[in-house]
Amino acid sequence: MSLSLRVLITAAWPGQDAACEWALVNEQGNLLQRGHSEPRHWPAAESCEVVLGAEQCLVLQAQLPKGARSRPAEVIAYALEDLLINDAEAEHFVVSSEAESGAPTPIWVIARSRLKSLLATLGTLQRQPQRAISELQLAPWSATGGWSVCLRSDNATGFARVGREEGFAFDLSDVCQAPLELRLALQAAQDRPPPGIEVYSARTQTEAFDPAAATAWQAALGVPVRQAGEYAWRDHPTHAACNLLSGEFAPPRAPNAGWRSFKPALWLGATALAVYCLFSFGEWFWLNQQSQDLRQQMTESFRAAYPQAQTIVDPPLQMQRLNDQLRRARGQLGSTDFMPLLAAATEALGAQGKLRGLGYEDGRLELTLQLTDSNVAEQLRKTLASRGLTATLRDAKPISGGIEAVFALRGMP
């Protein structure tokens, strides 16, 4: 079973606080263990995933030109230069794939120095992450347009998710007073205000944000505010979140990682091959059984017609030869005699070619014909076969005006 370790990295890690929350999950994302400890006490796992506190990442909306993802370094920096405090070169940008046609594109921003420092520290701990996401994307989100606010256990910070990939972090001096950042966001969304705000509190904050606090927030913000329950980052799925480890920060690919995307196709191909082999073997077995049944019927018919025959090897051929013997004994021609073979060959030849030689020996008629080309010779061979003759093209050599073809004909058994 493949295990994955998810680690919640706050802005204070690792300098001010070496311990952090972690969760151990299986391939299906089910929680197996959880804890809060220093890295030396983290459990062993095949992969690692980092969840960055919402205050460490910024998500901005920008109208990018068509094809901007192919050259993000300069295009994104130009599109966001009026929205950034620091120089664009000091930031790492990740363009989301969730943008709809014509809509502004969400762009995740994180300080390059912070990301480099985290990856270096985790590398020394032998915990190279395959993914890094923002905690902002773990807040519950409603497709109806409602906003979600999550209050942390430190009683001083929180963050809000106001869209699929929109949100911000804020400071909270008093749990009974709505944060200033939330008020400003509502003012900016006057044309499309949310139908309500749901507040999720950490376990230690659940009692602090009581109905009285919700009423105070509602009076200050002018939209319905309600308590929605406890917030636990580890309980929310992360597969749909945008991975911040891209470009120069992309993790090295595992030796067998490329095969994972082909597994469904390989399984489907193997299944199709197995079904094909099964049906092919079944068809072969059925045809073989039919052939044996027909041979058995021919053998029985031969025994009934010629009970004096001692050995039966090829019933059709033996029956033809015995029939020819009986016909000759009564003064009639057999099917392999010269005249029947010549009559059948003459009927098949028609006006094709010119006869240059004729021979007969031991039931075999040999014709030497002058034809225009090899294609006519092959077509004539097929015509002779369709007339009930075993026709073999023994030789074909070029001559003046075409080719000389030699056919060997026998009566078909």
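The C-beta contact set for segment 62-89 (first residue in the same structural domain as G247 (by TED's automatic domain parsing) and among the basic types (K, R), second residue modelled with pLDDT of 75 or more and surrounded by 11 or more Cβ atoms within 10 Å (Cβ to Cβ), distance under 8 angstrom, 6+ apart or interchain) comprises R69/V95. Under 20 Å from D337 (Cβ atoms), aliphatic (A, V, I, L, M) and outside any strand (DSSP E or B): does that describe A377? For A377, the condition - under 20 Å from D337 (Cβ atoms), aliphatic (A, V, I, L, M) and outside any strand (DSSP E or B) - is not met. The single condition from (1) in contact with a strand residue (DSSP E or B) (Cβ under 7 Å, 6 or more places away or on another chain); (2) on the phi > 0 side of the Ramachandran plot; (3) at pLDDT below 75 that G363 fails is (3). Being in contact with a His (Cβ under 8 Å, 6 or more places away or on another chain) and surrounded by 16 or more Cβ atoms within 10 Å (Cβ to Cβ) holds for only one residue in L244, L221, and it is L244.
The test for being surrounded by 20 or more Cβ atoms within 10 Å (Cβ to Cβ) and modelled with pLDDT under 90 does not hold for I197.
Residue count for segment 287-345 under the criterion of being more than 60 Å from the chain's Cα centre (by Cα), of a type in the set (K, R) and at pLDDT 70 or above: the result is 2.
Of the strands (runs of 3 or more DSSP E) lying entirely inside segment 116-190, none contains at least 2 residues that are touching a Cys at 6+ places or on another chain (Cβ under 6 Å) and in the same structural domain as P106 (by TED's automatic domain parsing).
The values are calculated or read from the model by the stated rules, or taken from the named source; none is laboratory data. Remember, predicted model here, so these are calculated numbers, not experimental data. All Cβ positions, even for glycine, are placed from backbone atoms using ideal geometry, and neighbour counts span all protein chains on display.
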